[in-house]
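Before I ask anything, let me first share the structure, which is written out below as structure tokens.
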Amino acid sequence: MAASAAAKVHEVREITRIERIGAHSHIRGLGLDDSLGPRHVSQGMVGQLSARKATGIIHAMIKEGKIAGRAVLLAGQPGTGKTATAMGLAQSLGQDTPFTSMAGSEIYSLEMSKTEALTQAIRKSIGVRIKEETEIIEGEVVEVQVDRPATGVGAKVGKLTLKTTEMETIYDLGNKMIDSLIKEKVQAGDVITIDKATGKINRLGRSFTRARDYDATGSQTRFVQCPEGELQKRKEVVHTVSLHEVDVINSRTQGFLALFSGDTGEIKSEIREQINAKVAEWREEGKAEIVPGVLFIDEVHMLDIESFSFLNRALEDEMAPIVIMATNRGITRIRGTSYISPHGIPLDLLDRTIIILTLPYEEKELKEILKIRCEEEDCEMADDALTVLTRIALETSLRYAIQLITTASLVCRKRKGTEVSIEDVKRVYSLFLDQHRSTQFLKEYQDDFMFSESPDQVPSTQPMDVA
Ligand SMILES: Nc1ncnc2c1ncn2[C@@H]1O[C@H](COP(=O)(O)OP(=O)(O)O)[C@@H](O)[C@H]1O
Ligand SMILES: [Mg+2]
């Protein structure tokens with residue numbers, strides 16, 4: 001069951017691949033050197049040095065794989081790179097560590113309860129590394145010799161001569177093996193493996209020494225080296241699957257096809273208990289180990305008190321992942337209560353959380369980020385235009401300035417220009433309002449709008465939720 005799920009690609013990578021130029025597609029890692037020191041500009045990451053260094057330490061902790069059930073909070077104003085940092089961490093962790101990314105609001109799905117949604121997210125973030133050792137025979141075929149009984153009936157017997165660069169052995173063949181050799185069309189010069197447990201034959205290709213017979217073999221042929229060393233080898237195969245994948249495959253109502261449709265629905269708790277027991281057994285026998293991964297909950301203030309309490313409890317589980325949260329909230333109400341708490345997170349959860357702050361960028365850093373985004377969006381921009389755009393980022397927001405890149409480049413293309421100029425940037429700046437100017441406009445003309453409230457109820461420049 002593990003093998004079929006192993007092919008599944010991790011969530012985050014899938015998403016970045018689809019959004020070729022998504023908001024964070026320029027980020028390829030945390031940009032740290034070997035001693036976890038942040039390079040000023042590296043792997044698409046700019047500045048925010050101490051937050052990146054701190055995240056680098058978290059990375060090292062995760063890679064150690066020994067600790068789990070910790071919570072980290074990335075806190076800072078909108079547009080200070082919280083989500084970007086988490087994506088950088090996901091990239092630098094690589095394939096083998098599960099990383100699940102969700103927004104706090106995702107738990108309010110109609111298809112399953114909030115706790116089920118959280119449980120699935122948690123179990124997607126825990127990997128099970130399953131080790132299997134198999135014995136194989138690997139060699140180049142020197143000769144296949146099959147003797148048919150003179151009467152034409154009865155069992156066939158035969159001999160298979162295999163060699164490596166160092167040795168050559170003759171194996172006696174039984175009926176079944178002869179049939180598989182014939183079925184696989186194995187002939188002298190092929191390099192093959194035979195699984196000793198199952199007898200399965202696998203043709204790896206033609207030996208290079210036979211490359212001269214090329215004309216006779218056709219252009220589809222793959223040439224491989226004659227294997228070295230012993231003919232018999234032990235080979236270890238390792239798959240990493242998430243606990244959630246194991247759950248889905250084993251829940252009878254779903255079957256593994258659910259993995260492809262993504263439509264998994266709720267999973268019964270008995271199934272999870274059985275899986276936990278099975279995995280514990282595999283661990284005892286040394287067949288499997290747990291790889292605690294990362295659950296990233298962006299906009300975590302969107303969780304309500306019940307979810308926070310569930311999360312708090314889940315962190316105490318032996319197989320808990322590391323939970324990384326991000327929020328742009330200050331001291332505010334916890335959703336679902338009238339209590340006020342820092343970041344809108346209950347104190348008992350905050351108490352077990354380490355907090356990484358992200359700070360507003362300086363002009364130089366904004367310029368660097370915008371430059372990287374221009375490259376990412378294939379936009380040539382004149383240096384003075386970039387300087388103006390940087391000023392805009394400083395006075396409005398980084399996100400707004402990033403939005404202007406593609407729009408300005410379209411305006412430039414329309415006038416058949418090759419490089420975005422100051423004029424193009426000014427043009428889009430006046431065409432598209434930032435939030436501050438828009439609010440200003442609403443305040444001035446609010447009487448003309450439907451459903452307007454009194455002027456002091458119009459939100460100030462305090463930003464709303466941003467992803
Ligand atoms: N240090 C950084 N290096 C490179 N790009 C960044 C950095 N910080 C933010 N960005 C980019 O700026 C935009 C806004 O940042 P984001 O991570 O969404 O902010 P937050 O999540 O803190 O509100 C995104 O496109 C992000 O990729
Ligand atoms: Mg964000």
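The values are calculated or read from the model by the stated rules, or taken from the named source; none is laboratory data. Worth saying up front: this structure is predicted, and the values here are computed from it rather than measured. Every residue, glycine as well, gets a Cβ built from its backbone with ideal geometry; the counts of neighbours run over all protein chains shown. Remember, those area values only see protein heavy atoms, side chains included, never the ligands or the DNA or RNA. Shrake-Rupley method; radii C 1.70, N 1.55, O 1.52, S 1.80 Å.
Take region 424-467 and flag every residue that is modelled with pLDDT under 80 and either within 26 Å of A382 (Cα to Cα) or within 16 Å of ligand 1 (Cβ to nearest atom) (or both).
Within region 424-467, T461, Q462, P463, M464, D465, V466, A467 qualify.
Further question on the same structure: What's the number of the condition S109 fails, among (1) more than 22 Å from N312 (Cα to Cα); (2) away from ligand 2 (no atom under 16 Å from the Cβ)?
Result: S109 passes all but (1).
Right, here's the next one. With the requirement that a residue be open to solvent by less than 30 Å² (accessible area, probe 1.4 Å), under 20 Å from the mean Cα position of the chain (by Cα) and charged (D, E, K, R), what does region 101-149 give you?
The one that is open to solvent by less than 30 Å² (accessible area, probe 1.4 Å), under 20 Å from the mean Cα position of the chain (by Cα) and charged (D, E, K, R): R123.
Please tell me if T406 is among the β-branched types (V, I, T) and open to solvent by 30 Å² or more (accessible area, probe 1.4 Å).
Yes: the conditions hold for T406.
Provide a single number: the residues in region 55-64 that are away from ligand 2 (no atom under 15 Å from the Cβ) and either open to solvent by less than 30 Å² (accessible area, probe 1.4 Å) or closer than 17 Å to L350 by Cβ (or both). Reasoning before the result, please.
Just the residues of region 55-64 that are away from ligand 2 (no atom under 15 Å from the Cβ), to begin with: 56-64.
Narrowing further to those that are either open to solvent by less than 30 Å² (accessible area, probe 1.4 Å) or closer than 17 Å to L350 by Cβ (or both): 56, 58, 62.
Of the residues in region 55-64, 3 are away from ligand 2 (no atom under 15 Å from the Cβ) and either open to solvent by less than 30 Å² (accessible area, probe 1.4 Å) or closer than 17 Å to L350 by Cβ (or both).
Among the residues of region 45-83, which ones are aliphatic (A, V, I, L, M) and part of a helix (DSSP H, G or I)?
Listed by number, the residues that qualify are L49, A51, A54, I57, I58, A60, M61, I62.
Between residues in region 406-420 that are touching a residue at least 40 places away in the same chain (Cβ under 8 Å) and residues that are aliphatic (A, V, I, L, M) and in a loop (DSSP other than H, G, I, E, B), which pairs lie under 8 Å by C-beta distance while being six or more apart or on different chains?
If the second residue must be aliphatic (A, V, I, L, M) and in a loop (DSSP other than H, G, I, E, B), the pairs left are V420/A382.
Sticking with this structure for a sec: Wholly within region 150-211, which strands (runs of 3 or more DSSP E) include no fewer than the required count, namely at least 2 residues that are modelled with pLDDT of 90 or more and open to solvent by 90 Å² or more (accessible area, probe 1.4 Å)?
Those strands (runs of 3 or more DSSP E) span 168-173.
Now for a separate question. Among the residues of region 109-130, what is the count of those that are of a type outside the set (A, V, I, L, M, F, W, C) and outside any helix (DSSP H, G or I)?
Looking only at that region, the number is 6.
Of everything in region 78-90, what is over 23 Å from I130 (Cβ atoms) and crowded, with 20+ Cβ neighbours inside 10 Å? Give them in sequence order.
Of the residues in region 78-90, the ones over 23 Å from I130 (Cβ atoms) are 78-89.
Selection gives G79, T80, G81, K82, T83, A84, T85, A86, M87, G88, L89.
Also, quick follow-up: Tell me, yes or no, whether region 353-369 has at least one residue that is within 15 Å of ligand 1 (Cβ to nearest atom), under 21 Å from A84 (Cα atoms) and in contact with a Phe, Trp or Tyr (Cβ under 8 Å, 6 or more places away or on another chain).
Yes.
Further question on the same structure: Return yes when S101 is part of a helix (DSSP H, G or I) and within 30 Å of Y400 (Cα to Cα) and no when it is not.
no
Out of the residues in region 340-352 that are surrounded by fewer than 20 Cβ atoms within 10 Å (Cβ to Cβ) and touching a residue at least 12 places away in the same chain (Cβ under 8 Å), which is farthest from ligand 1 (Cβ to nearest atom)?
D348
List the pairs whose first member sits in region 383-404 and is on the phi > 0 side of the Ramachandran plot, whose second member is within 16 Å of ligand 2 (Cβ to nearest atom) and of a type in the set (S, T, N, Q), and whose Cβ atoms are under 6 Å apart, counting only residues at least 6 apart or on separate chains?
Cβ pairs passing all conditions: none.
Looking at G76, G81 in this structure, which one is within 7 Å of ligand 1 (Cβ to nearest atom) and within 17 Å of I354 (Cβ to Cβ)?
G76
For region 373-394, indicate whether the set of residues that are open to solvent by 90 Å² or more (accessible area, probe 1.4 Å), under 34 Å from the mean Cα position of the chain (by Cα) and within 28 Å of F296 (Cβ to Cβ) is non-empty.
Yes, the conditions are met somewhere in region 373-394.
Next up: Within region 306-323, does at least one residue satisfy the condition of being in contact with a His (Cβ under 9 Å, 6 or more places away or on another chain) and away from ligand 1 (no atom under 16 Å from the Cβ)?
Looking for residues that are in contact with a His (Cβ under 9 Å, 6 or more places away or on another chain) and away from ligand 1 (no atom under 16 Å from the Cβ), one finds none in region 306-323, hence no.
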